[in-house]
Amino acid sequence: MKVLVTGVKGQLGYDVVKELNRRGIDNTGADIEEFDITNYNMTHDYIAGYDPDVVVHCSAYTAVDKAEDNIDICNAVNVDGPSNIAKVCKELDCKMLYISTDYVFPGTGDRFYETDDETGPLGQYGRSKLNGEKAVTSVLDKYFIIRTSWVFGINGNNFIKTMLRVGKERDEVSVVCDQIGSPTYTVDLARLICDMIVTDKYGIYHGTNEDICSWAEFTEEIYRQAGYDTKVKHVTTEEYGAKAPRPANSRLSKKKLDENGFARLPGWKDALTRYLKELEENG
Ligand SMILES: NC(=O)c1ccc[n+]([C@@H]2O[C@H](COP(=O)([O-])OP(=O)(O)OC[C@H]3O[C@@H](n4cnc5c(N)ncnc54)[C@H](OP(=O)(O)O)[C@@H]3O)[C@@H](O)[C@H]2O)c1
């Protein structure tokens with residue numbers, strides 16, 4: 001089996017390639033230097049040249065606040081990109097795994113979203129990722145979609161790295177306490193992706209680390225495990241005032257993973273422990 005991974009210079013793509021290598025699965029990782037996914041001809045020629053059995057599509061425009069102003073580039077990367085890849089996969093009769101997000105949901109209420117619940121993104125990033133899903137499902141039958149959330153990995157910037165940096169500089173940090181979700185370690189998500197692509201259990205899934213928290217609770221646990229005494233001030237989304245609206249409820253049900261015999265990811269606190277160790281080992 002040959003797997004092509006996009007976004008290898010980002011957080012998730014990097015760990016998917018590592019996991020494929022660990023499993024001895026033939027693969028190649030690509031990023032914008034290899035081909036720009038917004039350009040159909042480049043995308044076609046690169047993928048057809050490698051002729052994979054599966055494309056794991058991890059590249060994306062992920063700047064949630066900036067997306068509100070940069071609508072065209074966001075749509076080009078997050079909608080035209082997956083659409084281009086899906087068309088090539090169709091031509092090559094190859095599977096595609098597309099990574100999506102909790103931001104496709106409006107985040108009302110407090111129950112866990114099922115994979116077939118009604119979507120309703122609040123902002124441009126979520127809208128573009130949902131339209132990316134639709135671009136994939138309208139072209140392909142052999143697709144997997146995994147909606148994940150609050151991603152952290154060694155290769156790139158993320159919330160944990162930011163909190164560790166500001167926690168060193170300040171006695172107290174203000175963090176949002178009314179958005180609830182699940183942090184997700186790319187090492188654990190990469191394992192699920194590699195479990196999934198060797199099957200033909202196509203469809204839409206949710207894949208995050210287990211258990212839920214608010215961003216403020218997440219930060220308190222980061223500081224506890226890292227040995228910081230920085231205080232965390234709980235503030236509301238309104239008080240914090242980010243540019244892009246974000247769902248208050250990002251609880252994602254894993255029923256579909258269970259039904260199809262895929263192992264759930266470990267709890268997020270355990271994932272955080274392993275991630276902090278990885279950060280330390282990487283200096
Ligand atoms: N990060 C999160 O918290 C989060 C939450 C839910 C879902 N997700 C989804 O999870 C997936 C992986 O996220 P991540 O955090 O690993 O992303 P990331 O670290 O931002 O990496 C994305 C990669 O895509 C590349 N890219 C951007 N535009 C491209 C283009 N036109 N052609 C080719 N490559 C391009 C980026 O390159 P440049 O850096 O040069 O732009 C970057 O290397 C994405 O689908 C994302 O939407 C992420």
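Taking a ≥ b ≥ c as the square roots of the eigenvalues of the Cα gyration tensor of the stretch 1-46, is the shape rounded (a/c under 1.5), prolate (a/b larger than b/c) or oblate?
Values: a/c = 3.67, a/b = 1.68, b/c = 2.18.
Oblate.
Give the percent of DSSP beta bridges with both residues in the stretch 142-217 that are antiparallel, rounded to the nearest 5.
Values: 2 of 8 bridges.
The antiparallel fraction comes to roughly 25 percent.
If I take R0 = 35 Å and measure r between the Cβ atoms of Ser138 and Lys269 in this structure, what FRET efficiency does the formula 1/(1 + (r/R0)^6) give, to the nearest 0.05?
Numbers: r = 39 Å, r/R0 = 1.11.
The computed FRET efficiency comes out at 0.35.
Past 25 Å, Cα to Cα, is the threshold; run Lys66/Lys201; Lys9/Lys66; Lys90/Lys201; Lys87/Lys254 against it and keep the listed order. Before the final figure, lay out each step's value.
Details: Lys66/Lys201 35 Å; Lys9/Lys66 20 Å; Lys90/Lys201 17 Å; Lys87/Lys254 29 Å.
Where the Cα-Cα span goes over 25 Å, the pairs concerned are Lys66/Lys201; Lys87/Lys254.
Taking only the Cα atoms of the chain, how large is their convex hull per residue, in Å³? Let's see the in-between values first.
Working: hull volume 34.8 nm³, N = 283.
It comes to 123 Å³ per residue, whole-number rounded.
With everything on Cα atoms, drop me the angle between helix 124-139 and the longest principal axis of the chain, reported from 0 to 90° to the nearest 10.
Taking the Cα atoms of the chain, the angle to 124-139 is about 30 degrees.
Can you find, among Ile193, Ser182, Tyr205, the residue sitting farthest towards the positive end of the charge dipole of the stretch 163-211, where Lys and Arg contribute +1 and Asp and Glu -1 at Cβ?
Positive-most Cα among the choices belongs to Ile193.
Please state the shape class of the stretch 51-206: rounded when a/c is under 1.5, otherwise prolate if a/b exceeds b/c and oblate if not, all from the C-alpha gyration tensor. Write down the numbers at each step before the final one.
On the way: a/c = 1.75, a/b = 1.63, b/c = 1.07.
Since a/c reaches 1.5 and a/b is larger than b/c, the shape of the stretch 51-206 is classed as prolate.
What residue among Leu4, Tyr223, Phe152 has its Cα farthest toward the positive end of the dipole of the chain, where the charges are +1 on Lys, Arg and -1 on Asp, Glu, each on the Cβ?
Tyr223
For Lys9, what charge total do you get from the other residues with a beta carbon under 14 Å from its beta carbon, if Lys and Arg give +1 and Asp and Glu give -1? Spell out each step's value before the answer.
Working: positive: Lys18; negative: Asp15, Asp31, Glu33, Glu34, Asp36.
Local net charge: -4.
With the cut-off at 1.5 for a/c, could you classify the stretch 210-250 from its C-alpha gyration tensor as rounded, prolate or oblate?
It comes out oblate by the Cα gyration axes.
In nm, give the distance between the simple-model label positions of Thr236 and Glu91, each being 7 Å from the Cα along the Cα-to-Cβ direction.
Placing both labels 7 Å along Cα→Cβ, they lie 5.3 nm apart.
Can you tell me the FRET efficiency between Arg23 and Asp117 if r is taken as the Cβ-Cβ distance and R0 is 41 Å, rounded to the nearest 0.05? Mind showing how you got there, number by number?
Working: r = 33 Å, r/R0 = 0.79.
The formula returns an efficiency of 0.80 here.
How many nm separate the modelled label positions at Asn39 and Asn157, each set 7 Å beyond the Cα in the direction of the Cβ?
Placing both labels 7 Å beyond Cα along the Cβ direction yields 2.6 nm.
Let me know the charge dipole size of the chain about its Cα centre in debye, to the nearest 20, where only the beta-carbon of Lys, Arg (+1) and Asp, Glu (-1) is charged. Before the final figure, lay out each step's value.
Details: 34 positive and 46 negative charges, 60 e Å.
Dipole about the Cα centre, nearest 20: 280 debye.
How far apart, in nm, are two points set 7 Å out from the Cα along the Cα-to-Cβ line at Arg165 and at Asp258?
Between Arg165 and Asp258, the label points sit 4.0 nm apart.
Please work out the C-alpha center-to-center distance from the stretch 185-230 to the stretch 125-180 and express it in whole Å.
Cα centres, the stretch 185-230 to the stretch 125-180: 10 Å.
Restricting to the chain, compute how many DSSP beta bridges are antiparallel as a %, nearest 5. Before the final figure, lay out each step's value.
On the way: 2 of 35 bridges.
Rounded to the nearest five, the antiparallel share is 5 percent.
Excluding Asp80 itself, what net charge comes from residues whose Cβ is under 12 Å from its Cβ, given Lys and Arg +1 and Asp and Glu -1?
Numbers: positive: Lys87; negative: Asp36, Asp72.
Result for the local shell: -1.
Placing +1 at every Lys and Arg Cβ and -1 at every Asp and Glu Cβ, with all other atoms neutral, what dipole size does the stretch 1-130 have around its Cα centre, in debye to the nearest 20? Write down the numbers at each step before the final one.
Values: 12 positive and 23 negative charges, 61 e Å.
Charge dipole, the stretch 1-130, about its Cα centre: 300 debye, nearest 20.
Among Leu276, Ser253, Tyr113, whose Cα lies farthest out toward the positive end of the dipole of the chain, if unit charges sit on the beta carbon of Lys, Arg (+1) and Asp, Glu (-1)?
Among Leu276, Ser253, Tyr113, the one farthest towards the positive end of the dipole of the chain is Leu276.
Order by neighbour count: Asp72, Asp117, fewest other Cβ atoms within 10 Å first, most last.
Working: Asp72 7, Asp117 14.
Listed from fewest to most nearby Cβ atoms, that is Asp72, Asp117.
From the helices alone, meaning DSSP H stretches of at least four residues, give me the mean residue ellipticity at 222 nm for the chain, per-run term -39500 (n - 2.57), in deg cm²/dmol to the nearest 500.
Values: 11 runs with 114 residues, N = 283.
-12000 deg cm²/dmol, from helical runs alone.
Taken together, the values in this text are just the output of simple stated rules run on the coordinates, not laboratory data. What you see is a predicted model, and the numbers here were worked out from it, not measured in a lab. Positions of Cβ are backbone-derived with ideal geometry, glycine not excepted, and every protein chain shown enters the neighbour counts.
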